[in-house]
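Enquirer: Here's a structure for you.
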Amino acid sequence: MRRLLLLALLCAACTKDKAAPDSTTPQIAEPRGPDPLLLRVPRGGGTGHIYLYPKLDSAVWTVDEIPPVDHVLAFDQDAGTIAYVDAKGFPGRLDLRETDVTKASRAKLTSLSSANGSDIYGINSKGEIVRLNPTGGDWHFRPPVPARAVFAQPNGELIVTANKGAQTLVWRVRPPDDIVQDSAVLPLSGRGVRTQIGDRLYFAVDSGLIGVKAKDLSPVGAVQLQSRVRALAPTPSGDRLYVTTVADSGISIVDRYSGRVEMGVVLPAPATDLRMDALGRYLLARFPKTDSAWVIAIGTNRLVGAVPTKWDTDLPVITPDGKLALLGTKDVTLVDPEKLDAKSTVAGGAKDFWYFFAWDGFRPRPQGLDQPVTFPGDSVPTDSLAASSTAPTTPVPVTPGAPDTAKAGVPPGANPPSTGFTVQFAALLTEDKAQQLAATIKVAGNSAHVVSTTTAGSPIFRVVMGPFASKDEAEKIARASRREYWIYEGSP
């Protein structure tokens with residue numbers, strides 16, 4: 001009998017552990033990585049949209065007057081800026097927090113490069129290196145010989161190259177200092193490419209490659225090939241380098257550790273360009289004559305097959321979820337890169353420039369982050385101006401963890417009433433811009449207003465409306481505004 005009673009008590013305890021947690025206990029959201037996002041800008045310029053990929057039916061960010069984008073240089077996750085080059089060759093930035101588009105330079109620069117999405121480097125007509133900073137204070141560096149190319153490094157340094165006679169001169173500089181940290185002399189070289197992690201640079205020389213280490217410009221050995229290099233693409237880790245040459249129809253693979261060259265993939269014809277998947281899953285090779293491309297699986301160096309697609313600076317590309325986005329005449333088709341069968345079609349997608357990136361800056365800020373942290377045993381602060389001179393000096397005991405239900409008018413054990421639902425239209429770093437935006441939003445007698453919060457030590461000004469009694473009412477008001485919006489539970 002005692003054993004049966006003990007077993008029953010244990011079962012009851014297990015059931016209690018599996019019960020729903022007390023509503024008064026704060027719930028901690030499961031951490032997750034940045035959200036996959038897609039920026040689409042009309043190829044002729046205009047209104048740009050950002051979508052939470054793969055949901056392409058509603059945008060989470062919109063901005064007007066974006067010029068035609070040729071290619072993206074880099075993305076700054078901290079500042080929320082995308083550095084790009086427009087169709088005329090001028091650098092610019094998209095500020096996702098400020099919802100703003102700015103031209104970084106009105107002077108024409110060549111060899112534009114950026115590693116962080118904020119600082120943009122280029123070469124002016126005098127052969128000087130120019131750094132364009134979003135806060136001003138542009139930096140200039142005049143190398144001993146007019147520069148030909150500049151490579152921005154992830155650690156803030158620069159690798160600068162110049163040609164002098166039959167030689168290529170290489171310098172390593174750390175802005176804003178104008179002192180050459182290291183230098184190297186290479187045979188006359190052509191195109192250069194740096195690995196994604198920034199530890200090495202490779203340059204195409206006559207019938208081969210030569211590399212240097214980014215930290216001190218020491219050589220890593222020459223790679224001899226059968227003919228002149230046409231295209232090259234390193235893996236994201238930089239462990240291998242895929243190379244196509246003018247006379248060879250295959251793709252050679254260079255091992256960075258051994259320096260050996262092997263024929264990795266044999267193609268029906270020499271590829272004219274290569275594009276590496278950002279996660280190193282597939283390699284795309286451009287067919288030389290018709291609008292098509294080959295798909296190569298990196299893990300096994302296997303030629304999967306050919307797909308019909310136009311080749312532009314943005315597409316075709318491997319998407320974050322592993323699909324292959326193909327550029328058609330009017331539409332963009334998403335296919336399985338292994339079976340090469342179509343999964344979905346984005347109607348009219350070909351008219352836009354596409355850029356995939358990852359960021360968590362569009363998530364609504366949890367209200368709990370702005371609440372002060374309290375611990376059991378903390379004294380309850382009182383208003384000293386409202387205290388009576390006859391108040392007792394003995395403090396009133398406070399029971400730690402007991403909710404104050406008397407003030408809210410909620411009986412013990414009942415859930416607190418909902419604080420409503422708030423509509424948020426934007427989160428800006430400038431109060432003036434936030435106030436200007438709020439003044440333009442009025443729906444059914446409701447006017448938007450600005451509330452300020454602090455994120456990572458920086459003030460954020462949110463344009464909001466509400467709270468509303470129900471989510472349906474908030475949704476109705478938000479849709480009537482005809483603007484991009486977010487809805488979250490709670491007061492502003």
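The numbers here are math on the coordinates, done by the rules we state, and not lab data. This structure is a prediction, so every number in the text was calculated from the model and none was measured. Cβ: placed from backbone, ideal geometry, glycine included. Neighbour counts: every protein chain shown.
Enquirer: Can you tell me how segment 35-359 classifies by the Cα gyration tensor, rounded, prolate or oblate, using a/c under 1.5 as the rounded cut?
Expert: Here segment 35-359 falls in the oblate category.
Enquirer: Let me ask something else. Exactly which trypsin sites (Lys or Arg not before Pro) in segment 286-365 are in a DSSP loop and have at most 16 other Cβ atoms within 10 Å?
Expert: Working: sites: R286, K289, R302, K310, K323, K330, K339, K343, K351; in loops: K289, K323, K330, K339.
Passing sites in segment 286-365 are K289, K330, K339.
Enquirer: Can you pull out the trypsin sites (Lys or Arg not before Pro) in segment 80-135 whose DSSP state is coil and whose Cβ has at most 10 other Cβ atoms within 10 Å? Kindly include the intermediate steps, with their values, before the conclusion.
Expert: Details: sites: K88, R93, R97, K103, R106, K108, K126, R131; in loops: K88, R97, R106, K108, K126.
Sparse-neighbourhood loop trypsin sites (Lys or Arg not before Pro): K88, R106, K126.
Enquirer: Is there a quick way to get the dipole size of segment 35-359? I mean about its Cα centre, with the Cβ of Lys and Arg at +1 and of Asp and Glu at -1; what is the value in debye to the nearest 20?
Expert: Values: 37 positive and 36 negative charges, 181 e Å.
With only Lys, Arg, Asp and Glu charged at Cβ, the dipole is about 860 debye.
Enquirer: In debye, nearest 20: dipole of segment 76-138 around its Cα centre with unit charges on the Cβ of K, R (+) and D, E (-)?
Expert: That gives a dipole near 340 debye.
Enquirer: May I pose another question? Divide the volume of the convex hull of the Cα atoms of segment 418-492 by its number of residues and quote the answer in cubic angstrom per residue.
Expert: 78 Å³
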